[in-house]
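Working notes, beginning with the structure itself.
The values are calculated or read from the model by the stated rules, or taken from the named source; none is laboratory data. Keep in mind that what you see is a predicted model, and the values were worked out from it rather than measured. Here the Cβ positions follow ideal geometry from the backbone for every residue, glycine too, while neighbour counts run over all protein chains shown. Remember, those area values only see protein heavy atoms, side chains included, never the ligands or the DNA or RNA. Shrake-Rupley method; radii C 1.70, N 1.55, O 1.52, S 1.80 Å.
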Amino acid sequence: MDASLRELAERALAEDLGTGDITAEAIVPPEARATARIVQKQAGVVFGLDVVEEVFRQVGADDLERLEAEGEWRDSVPVDVASVSGDARALLAGERTALNFLCHLSGVATLTARFAGAVTGTGATILDTRKTTPGLRSLEKAAVRAGGFTLDERKRLASLAFRHTADYDIAVAEADTAVKVAPSADSKCDRCWHYRSDVDEDGLCGRCRSNLNGPGEPREFV
């Protein structure tokens, strides 16, 4: 088990349980044992059983039994995807943290699969980004891959060939796509920072000059 996953589960349990599950300790006999079933109730992609297993391990439950494969779209629901047995108090202590992880990651994987399905046959490519939940990046990236995407935007850009020419043009080529960037021949407005051909000796473009000293540009929204 990856150390970061163990630490993540540990922090989540500490946040959720605090000093302990006082309700379970008050009403559930210490010798009681039980079995919990994890049921997929809606069509989609289940993902996150590794962290679910780690959560239940840390609270003292038995090993998680996987009944269905994760990372696959499933229409035939409801269906039991996993079960875990053990000390009843332990199961109650871990179930909310485990389900929080599982529901979030399954939602990411399911939405990803829907986007991937929507562009099938179009030639379009959908890329994920680094905009992930703090502390959950590796899990959310894995959920995206489980839903059908294989490469994030930064890795794709890093794989492209960049060519710098003598006049500072930058050519980026990938298959039939090419992007060229060159310095503007116009001057930069000191106020709006746009490069325009009508920048005056005071460093202001015609648009900014009109907004400051003239009628100003028409505005549709205020």
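Quick notes on this structure:
- Filter pass, LEU111 being open to solvent by 50 Å² or more (accessible area, probe 1.4 Å) and either more than 26 Å from the chain's Cα centre (by Cα) or aliphatic (A, V, I, L, M) (or both): yes
- Residue check for ALA142: part of a helix (DSSP H, G or I) and either crowded, with 21+ Cβ neighbours inside 10 Å or not basic (Lys, Arg) (or both): yes
- The one condition from (1) modelled with pLDDT of 55 or more; (2) surrounded by 13 or more Cβ atoms within 10 Å (Cβ to Cβ); (3) hydrophobic (A, V, I, L, M, F, W, C) that ALA124 does not meet is (2).
- Here the condition is being part of a helix (DSSP H, G or I), among the aromatic types (Phe, Trp, Tyr), farther than 18 Å from LEU5 by Cα and free of Cβ contacts under 8 Å to residues at least 60 places away in the same chain; of PHE115, PHE56, it holds for PHE115 alone.
- Residue count for the range 70-98, restricted to those that are outside any loop (DSSP other than H, G, I, E, B) and in contact (Cβ under 8 Å) with a residue 40 or more places away in the chain: 20.
- Scanning the range 38-69 for residues that are open to solvent by 30 Å² or more (accessible area, probe 1.4 Å), under 24 Å from GLU140 (Cβ atoms) and in contact with a strand residue (DSSP E or B) (Cβ under 7 Å, 6 or more places away or on another chain) yields a count of 5.
- The residue pairs whose first member lies in the range 21-41 and is free of Cβ contacts under 8 Å to residues at least 40 places away in the same chain, whose second member is small (Gly, Ala, Ser) and open to solvent by less than 80 Å² (accessible area, probe 1.4 Å), and whose beta carbons are closer than 6 Å, counting only pairs six or more residues apart or on different chains, do not exist in this structure.
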